[in-house]
Structure formats: structure tokens, C-alpha cells
1. For region 46-83, enumerate the residues that are small (Gly, Ala, Ser) and over 15 Å from Arg194 (Cα atoms).
2. Being at pLDDT below 95 and of a type outside the set (Lys, Arg) narrows it down to one of Ala237, Ala225, Ala285, Ala260, so name that one.
3. What pairs come out if I take residues in region 88-108 that are acidic (Asp, Glu) and pair them with residues that are assigned to a loop (DSSP other than H, G, I, E, B) and open to solvent by less than 60 Å² (accessible area, probe 1.4 Å) whose C-beta lies under 8 Å away, six or more apart or interchain?
4. Restricting attention to region 97-107, and to residues there that are at pLDDT 95 or above and in a loop (DSSP other than H, G, I, E, B), which single residue is surrounded by the fewest Cβ atoms within 10 Å (Cβ to Cβ)?
5. Write out, first by first residue and then by second, each pair whose Cβ atoms fall under 9 Å of each other, whose residues are 6+ apart or on separate chains, and whose first residue, in region 174-187, is within 19 Å of Leu100 (Cβ to Cβ) while the second is in a helix (DSSP H, G or I) and open to solvent by 40 Å² or more (accessible area, probe 1.4 Å).
6. Which of (1) touching a helix residue (DSSP H, G or I) at 6+ places or on another chain (Cβ under 7 Å); (2) modelled with pLDDT under 95 does Val205 not meet, given it meets every other one?
7. Looking at (1) within 18 Å of Glu86 (Cβ to Cβ); (2) touching a Gly at 6+ places or on another chain (Cβ under 8 Å), which is the one condition that is false for Pro183?
8. Given the criteria open to solvent by 30 Å² or more (accessible area, probe 1.4 Å), farther than 30 Å from Lys253 by Cα and modelled with pLDDT under 95, does Arg167 qualify?
Amino acid sequence: MVTVQSSIPEDAFTAKTLGEQRTGSGVVIGENGLVLTIGYLVTEAETVWLARADGRVIHAHALGIDSESGFGLVQALEPLDCPALELGRSDLARLGDSILVAAGGGTKPVQAEIVGKQEFAGYWEYYLDEAIFTAPAHPFWGGAGAIGADGRLIGIGSLHVEQSPERGGPRDVNMIVPIGLLPPILDDLLTYGRVNKPARPWLGVYSAQNEGEIVVAAVSEPGPAANAGLRRGDILASVCGDEVTDLGDFYRKVWDLGEAGVEVPIEIIRDGRALGVKIRSADRAAFLKRPRLQ
């Protein structure tokens, strides 16, 4: 495990939402100093440093980011001299399995168990068919490694969320991105810095599910939704005339229309009135600063 620290330019697209200085963790997965982390730590990073457990700091480069899985790759630019952790099989992980969630910076690992394997829809146009949820939560979850009983990596920490189990009160858990999503895209990330396929349509809308309705919490400016006139408080009712049932359903209906650039017809409810809006989608990456070549 290493600490990942990054600096983002003040005028970067994500600077206001994610901050200009970001700190988290990463897992060494290659003997050549390749580190796997969570992508938001290094998105639009101008400079990246890796810190070993002994305090030694190494200059690094944000090598690749995949917005669909959420993974980020960082390459150390000088010898890291850390052993690589072998990738495991997240598809074989089961509810109740004991795992270790470990972070950088000399923090203590957390002995946890898998308390959920289910879909996850994030408000920033992000969706996983099957995320892993672990408890108790690690307090430094961003980029932390979830390690199975066999000592292999089964996922990367992304979020700290609250879960309401059938029995007992709410509890804090970590959402873990399954490592099984990495092998199919790893070569592309190493070669191109992103997955080599057409991008999903991105709207630039932050949404939340509230009492069965999908409500716009904010829009990215600039962004397709803002350009189309969507506003905070609008209710997203349907896509192409098909009613939206939940946040994940909304994303799937948008993404099924085609690749980035496709027009997305949405019906919204504003002040009790139904309105039709057509949003010209975009490639999210087009709004982001690209890493400097090393």
C-alpha cells in the first residue's frame, strides 16, 4: 500500500467538486511501480506523488482513468521498490467473507466482512452492476485495498456510505469497486490512458433518488444538461417516453441510446408541469484536463 497525493490546477473542471489537493491510497499491482487507485484522486492531476510506508516520496504520473469502473492507474517515475499485490477473484467473493481493508500512510488496516454485493448507482452518472460493500468502514477509504483471505486484491475502496440492513439500525460501510472490472480494460488503460471504445453519453447532471422520484440536485456548468436548461429541483420522469423507475434505470436508458454525442429526449416535471427537454450528450473526458506527457 502507498499513499497517493495529487495536485489539480485551479481551473480544472473537477477542482471545485473534488478539490485541488487530494490524498488517498493506492495498491502496487506491478513490479515496475504500477499503482491502482480510485480515479477521482488523480483525475486532471498536474502532479502526483506516491509515499511508501517508510515515508519515502516518489514522483509519479497519472497513467489512465476509467470513468465507467472508477479505477485510476498511476505510474511511479522512479523505482518504487515495493512488492506487487496479486489480483484476486472478486466474482468468487461471498457475503460474510472476512477481508482486510488496508490504506497507505501508516494507518491501521480494518478487519471487515463483506455485507453486500449489489448494484450501485452514484449521483455523478456512475453505475456498477455489482459493487462490494464491507463493514466496519475504513476511515480512509479512497483508494484503499480490499484484500481477501488468500492475500489477493479483490477491490479498491471508493466511498463511505450508510447502509440500512434488515435487522438493526443504519451502519457505515465502504463501497468497493470489484477488481474483476480491471483485467478487461487494463491493456487499454496502459496503452491509451482510457478504454479504447466510444464513450457513454454524459449529461452533466447530479441526481438523487427521493421517495421514488429522480431529482436533479445540480448540473455541471458548462455541461450538456446546463446548456439544455435543466435546473436544480427538476424531476427526471422519462427517457424517450419510457418511465424512469430508479437512478440506475435512468442511466441505463440514457446509455442505451448510443455513444457520446447522441441526443437524449427527457421528460421532466418542473413546478408540477411536464416539460420535454432534448439534451445533446457529450464525452465526459472532453471537459477534463489531460495528464501531461512524461
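The values are calculated or read from the model by the stated rules, or taken from the named source; none is laboratory data. Small disclaimer: the values here were computed from a predicted structure and weren't measured. For neighbour counting, all protein chains shown are included, and Cβ atoms are generated from backbone atoms with ideal geometry for every residue, glycine included. All accessible areas refer to the heavy atoms of the entire protein, side chains included, with ligands and DNA or RNA removed. Shrake-Rupley method; radii C 1.70, N 1.55, O 1.52, S 1.80 Å.
1. So in region 46-83, the residues small (Gly, Ala, Ser) come out as 51, 53, 55, 60, 62, 64, 67, 69-70, 72, 76.
Answer for region 46-83, where residues must be small (Gly, Ala, Ser) and over 15 Å from Arg194 (Cα atoms): Ala51, Ala53, Gly55, Ala60, Ala76.
2. On the way: Ala237 fails: at pLDDT below 95; Ala225 fails: at pLDDT below 95; Ala260 fails: at pLDDT below 95.
Only one candidate qualifies: Ala285.
3. Qualifying pairs under 8 Å: Asp97/Gly148.
4. We begin by selecting, within region 97-107, every residue at pLDDT 95 or above; these are 97-103.
From what's left, in a loop (DSSP other than H, G, I, E, B): 97, 103.
Numbers: Asp97: 17, Ala103: 25.
Across region 97-107, the extreme among qualifying residues is Asp97.
5. Within 9 Å, the pairs are Pro178/Asp91; Gly180/Asp91.
6. Val205 satisfies all of (1) touching a helix residue (DSSP H, G or I) at 6+ places or on another chain (Cβ under 7 Å); (2) modelled with pLDDT under 95 except (2).
7. With respect to (1) within 18 Å of Glu86 (Cβ to Cβ); (2) touching a Gly at 6+ places or on another chain (Cβ under 8 Å), Pro183 is out only on (2).
8. Working: open to solvent by 30 Å² or more (accessible area, probe 1.4 Å): yes; farther than 30 Å from Lys253 by Cα: yes; modelled with pLDDT under 95: yes.
Judged against the criteria, Arg167 is a match.
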